[in-house]
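Colleague: Quick one: the structure is below, and I'll ask about it shortly.
The values are calculated or read from the model by the stated rules, or taken from the named source; none is laboratory data. Predicted model only: the values in this text are computed from it and were never measured. Note: ideal-geometry Cβ built from the backbone for every residue, glycine included; neighbour counts use all protein chains shown.
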Amino acid sequence: MKILVSGGAGFIGSHLVESLVEAGHRVTVVDNFLTGRPENIGHLLRQGRCRLLEQDIVKPLNLNGEDPELIFHLASPASPEDYGRYPVETLLVNSAGTYNLLELARAAGARFILASTSEVYGDPEVHPQPETYWGHVNPVGPRAAYDEGKRFAEALTVTYFRKYGLDVRIVRIFNTYGPRNRVDDGRVIPNFIRQALRNEPLTVYGDGSQTRSFCYVSDLVAGLLRVGFGTGLAGEVFNLGNDDERPVIEVARLVKALTGTPAPIVFLPPRPEEIARRRPDLTKARQVLGWSPTVGLEEGLRRTVAWYREELTAGRLVT
């Protein structure tokens with residue numbers, strides 16, 4: 001199958017591209033490397049196993065007649081550090097970029113998969129968060145560029161389903177981690193690992209009681225593939241993540257133990273609009289997709305720490 005992956009050189013995107021290529025699909029990666037990294041897909045490009053269009057999807061794409069049959073739209077800054085640095089770009093890629101890819105899907109008759117986010121739920125008043133929950137979001141707050149950008153992308157995507165009958169599916173991705181997760185992207189786990197490997201204090205915002213549910217990247221990709229290739233799913237929305245909810249302070253202690261760092265854990269003032277609790281309700285994904293996460297947090301952290309160590313040893317990772 002001919003498949004286009006926007007943001008395919010990013011953390012999650014590159015793992016998805018690798019899985020698609022290994023399954024024998026013809027994959028076109030579109031990425032402008034705002035937050036993605038060429039080295040994430042370099043091995044695939046060198047082997048001629050996928051092709052790259054280095055372009056911003058805010059501008060219409062020219063695929064030279066290579067119309068896709070399936071589109072995975074993962075292009076967007078996705079960490080607080082990144083969408084804080086690139087708020088306008090984040091809004092545009094989720095609005096104009098989503099529009100361009102939906103128009104491409106409509107012209108080509110392609111299936112369209114939108115990678116949305118748990119951030120559409122905001123600081124939730126319902127716990128855990130099911131797909132039917134509408135969210136509790138501040139449209140003018142510090143997270144608005146990402147939160148509202150993704151909410152608009154969802155609205156536009158389902159509008160194409162209702163107006164044009166386009167086969168669209170939406171995935172709300174919860175906290176994901178693993179190899180290729182940029183060490184400087186500001187997320188909890190890369191921060192802790194980077195600090196631990198440098199024997200620097202592990203910084204926890206607030207008292208560490210806020211919770212997150214962390215999904216290892218291979219589990220997330222398996223879920224994306226179920227959504228992308230499943231039948232009878234047009235117009236559906238799915239949570240994908242791990243429902244093993246942990247306090248952030250516990251994650252810091254696990255990283256300390258796995259890295260063996262003598263560095264202490266230090267506490268900083270809470271960040272603005274810090275989310276108190278986050279955990280996906282995975283009932284629909286389990287029942288409809290037959291999918292569940294399989295990699296536990298300790299094992300996933302062990303693999304991720306090993307990858308960071310290897311990259312550091314080889315001089316490929318600067319901390």
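Colleague: Would segment 155-167 turn up any residue that is touching a Ser or Thr at 6+ places or on another chain (Cβ under 6 Å) and either under 24 Å from TYR83 (Cα atoms) or not basic (Lys, Arg) (or both)?
Modeller: yes
Colleague: Related question: Given the conditions (1) crowded, with 16+ Cβ neighbours inside 10 Å; (2) at pLDDT 95 or above; (3) out of contact with any strand residue (DSSP E or B) (no Cβ under 9 Å at 6 or more places or on another chain); (4) not aliphatic (A, V, I, L, M), and given that SER76 satisfies all but one, which numbered condition is not satisfied?
Modeller: Of everything listed in (1) crowded, with 16+ Cβ neighbours inside 10 Å; (2) at pLDDT 95 or above; (3) out of contact with any strand residue (DSSP E or B) (no Cβ under 9 Å at 6 or more places or on another chain); (4) not aliphatic (A, V, I, L, M), SER76 misses just condition (3).
Colleague: Does VAL158 satisfy being part of a strand (DSSP E or B), at pLDDT 95 or above, among the hydrophobic types (A, V, I, L, M, F, W, C) and more than 19 Å from the chain's Cα centre (by Cα)?
Modeller: Here the answer is no, as VAL158 does not meet what is asked.
Colleague: Going through TYR133, TYR99, TYR83 one at a time, which residue ends up being within 23 Å of ARG172 (Cα to Cα), among the hydroxyl-bearing types (Ser, Thr, Tyr) and outside any helix (DSSP H, G or I)?
Modeller: Exactly one residue qualifies, and that residue is TYR133.
Colleague: Could I ask something else about it? Take the residues in segment 117-140 that are over 20 Å from LEU220 (Cα atoms) and in contact with a helix residue (DSSP H, G or I) (Cβ under 8 Å, 6 or more places away or on another chain); name whichever of them is surrounded by the fewest Cβ atoms within 10 Å (Cβ to Cβ).
Modeller: Among residues in segment 117-140 that are over 20 Å from LEU220 (Cα atoms) and in contact with a helix residue (DSSP H, G or I) (Cβ under 8 Å, 6 or more places away or on another chain), the one surrounded by the fewest Cβ atoms within 10 Å (Cβ to Cβ) is PRO139.
Colleague: If we keep just the residues of segment 267-305 that are among the basic types (Lys, Arg) and assigned to a helix (DSSP H, G or I), which is surrounded by the most Cβ atoms within 10 Å (Cβ to Cβ)?
Modeller: Across segment 267-305, the extreme among qualifying residues is LYS284.
Colleague: Looking at this structure, is PHE192 surrounded by 23 or more Cβ atoms within 10 Å (Cβ to Cβ) and more than 22 Å from THR98 (Cβ to Cβ)?
Modeller: The answer is yes for PHE192.
Colleague: In segment 28-40, what residues are within 20 Å of LEU61 (Cα to Cα), touching a residue at least 40 places away in the same chain (Cβ under 8 Å) and outside any loop (DSSP other than H, G, I, E, B)?
Modeller: THR28, VAL30 - these are the residues of segment 28-40 that are within 20 Å of LEU61 (Cα to Cα), touching a residue at least 40 places away in the same chain (Cβ under 8 Å) and outside any loop (DSSP other than H, G, I, E, B).
Colleague: Also: Of all residues in segment 24-75, which are of a type in the set (A, V, I, L, M) and over 15 Å from LEU4 (Cβ atoms)?
Modeller: Result: LEU34, LEU45, VAL58.
Colleague: So which residues in segment 4-19 are free of Cβ contacts under 8 Å to residues at least 40 places away in the same chain and surrounded by fewer than 24 Cβ atoms within 10 Å (Cβ to Cβ)?
Modeller: Listed by number, the list holds a single entry, GLU18.
Colleague: Just to verify a result, which residue in segment 212-237, among those that are touching a helix residue (DSSP H, G or I) at 6+ places or on another chain (Cβ under 9 Å) and of a type in the set (Val, Ile, Thr), is surrounded by the most Cβ atoms within 10 Å (Cβ to Cβ)?
Modeller: Among them, the one singled out is VAL227.
Colleague: Can you find a residue that is closer than 23 Å to GLY223 by Cα, part of a strand (DSSP E or B) and in contact with a Gly (Cβ under 8 Å, 6 or more places away or on another chain) anywhere in segment 41-64?
Modeller: No.
Colleague: Working only within segment 148-183, note down all residues that are more than 30 Å from HIS43 (Cα to Cα), of a type in the set (Val, Ile, Thr) and buried (at least 22 other Cβ atoms within 10 Å of the Cβ).
Modeller: Across segment 148-183, the qualifying residues are THR157, VAL168.
Colleague: A follow-up question, please. Just give me the residues in segment 51-73 being without any contact (Cβ under 8 Å) to a residue 40 or more places away in the chain and either surrounded by 14 or more Cβ atoms within 10 Å (Cβ to Cβ) or closer than 14 Å to HIS25 by Cα (or both), in sequence order.
Modeller: Answer for segment 51-73, where residues must be without any contact (Cβ under 8 Å) to a residue 40 or more places away in the chain and either surrounded by 14 or more Cβ atoms within 10 Å (Cβ to Cβ) or closer than 14 Å to HIS25 by Cα (or both): ARG51, LEU53, GLN55.
Colleague: Would you please name the residue that is modelled with the highest pLDDT, looking only at residues in segment 188-222 that are farther than 17 Å from TYR308 by Cα and of a type in the set (D, E, K, R)?
Modeller: Going through the qualifying residues, I end up with ASP219.
Colleague: Which condition number does ALA75 fail, the rest of (1) in contact with a Gly (Cβ under 7 Å, 6 or more places away or on another chain); (2) in a helix (DSSP H, G or I); (3) among the aliphatic types (A, V, I, L, M) being met?
Modeller: (2)
Colleague: Given the options ALA107, ALA145, ALA96, name the one that is surrounded by 18 or more Cβ atoms within 10 Å (Cβ to Cβ), among the hydrophobic types (A, V, I, L, M, F, W, C) and modelled with pLDDT of 95 or more.
Modeller: That would be ALA145, the only listed residue that is surrounded by 18 or more Cβ atoms within 10 Å (Cβ to Cβ), among the hydrophobic types (A, V, I, L, M, F, W, C) and modelled with pLDDT of 95 or more.
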